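Below: one structure, written as structure tokens.
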Amino acid sequence: MEGMRFKIRHGDGRFEELVVESEQVIIGSGAHCEIRLPPEQARVEHVIVRASAAGIRAIARSLDPAPTLNGVDFVDAPILDGSVLRVGAVELEVAGLVLSAGPEQAKNNPNAPRPFVLVFALAGLAACAMMILGQRSSGGVTAEPKVPDLWTAGEATCPEGGAQAQALARTKLAAADGKRERAPFHVQDGVAAVPLYQVAVACFRASGDEPTANEIASDGQKLKREVALEFRIHRVRLQHAFTVKDWKTAQREVKVLLAYTEGLKAEYVTWLSNWDRKLELEYGKKKS
């Protein structure tokens, strides 16, 4: 195989087409990547595109931001002819495989179809088979309801002013720091820490301590991004577990997602709770 042909549309409207002479193409901001994107658009290694006799697949190496295939988040998915892969603001289309025909084949049958057409036909059949198997193995999994925001929208306010605001800010900051330390072991603490940081920021500002407020705001935003990313990763893992009928993983991911959404009132939480009971009854241990 000589390589894969890509059509690339950048966020600023620029368009380019290139052929990468490899069966594996790394897309990212690293200097070693075959398709190099700006650091603000992609991680060092963001997506790997692999071609084989079975077709072409895209494997996500980073979910910050989550890459999409035809508008849907993915971890590992087949690419069909015309599929659009998006990383940040950059859209990439695998326009075709560029294969070198055997010399005897080209000589004896110059009108034979190009090999990459046959490969895409195989890829299409393989992808269709995977979709059918996925539907059969999902056990009647309903579509994921709308996912709620983990935090209430809007800016936090401080109920105090002056010296009282400073004291309340430090109390909230201590509580937020404590929950942040426990977050790796209890994900709900990471979720709860974010609004505590926000109130601390508001109170530091109310007391006139702007430098400290800015510093804490940066820490709070960083934690919020980290928690949101982990939440999305667990959602993608659950979707994949349903697709491949990995009920053990599905049980684990449902419980983790319930921890993230603890206290929220939403259809998504009800959906998770129903699956938690169903998986426990059908695939969990019947005896303690």
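The values are calculated or read from the model by the stated rules, or taken from the named source; none is laboratory data. Given the structure is predicted, the values throughout are model-derived calculations rather than measurements. When we count neighbours, we look across all protein chains shown, and the Cβ atoms used for this are built from the backbone with ideal geometry, even at glycine. Accessible surface areas use protein heavy atoms only, side chains included; no ligands, DNA or RNA. Shrake-Rupley method; radii C 1.70, N 1.55, O 1.52, S 1.80 Å.
Restricting attention to segment 203-236 and to residues that are of a type in the set (D, E, K, R), free of Cβ contacts under 8 Å to residues at least 60 places away in the same chain and within 17 Å of A193 (Cα to Cα), the residue that is least open to solvent (accessible area, probe 1.4 Å) turns out to be D219. In this structure, does E16 turn out to be touching a residue at least 24 places away in the same chain (Cβ under 8 Å) and surrounded by fewer than 15 Cβ atoms within 10 Å (Cβ to Cβ)? No. Considered as a group, the residues in segment 251-274 that are touching a His at 6+ places or on another chain (Cβ under 9 Å) and open to solvent by less than 30 Å² (accessible area, probe 1.4 Å) include one that is modelled with the lowest pLDDT, and that residue is E253.
If only residues of segment 237-250 that are open to solvent by 40 Å² or more (accessible area, probe 1.4 Å) and either in a helix (DSSP H, G or I) or modelled with pLDDT of 90 or more (or both) are counted, the one that is farthest from T152 (Cα to Cα) is V244. Scanning segment 63-99 for residues that are within 20 Å of I233 (Cα to Cα), without any contact (Cβ under 8 Å) to a residue 40 or more places away in the chain, open to solvent by 10 Å² or more (accessible area, probe 1.4 Å) and not aliphatic (A, V, I, L, M) returns P65, T68, N70, G71, R86. Among residues of segment 39-62 being touching a His at 6+ places or on another chain (Cβ under 9 Å) and more than 16 Å from E93 (Cα to Cα), the one that is most open to solvent (accessible area, probe 1.4 Å) is R61.
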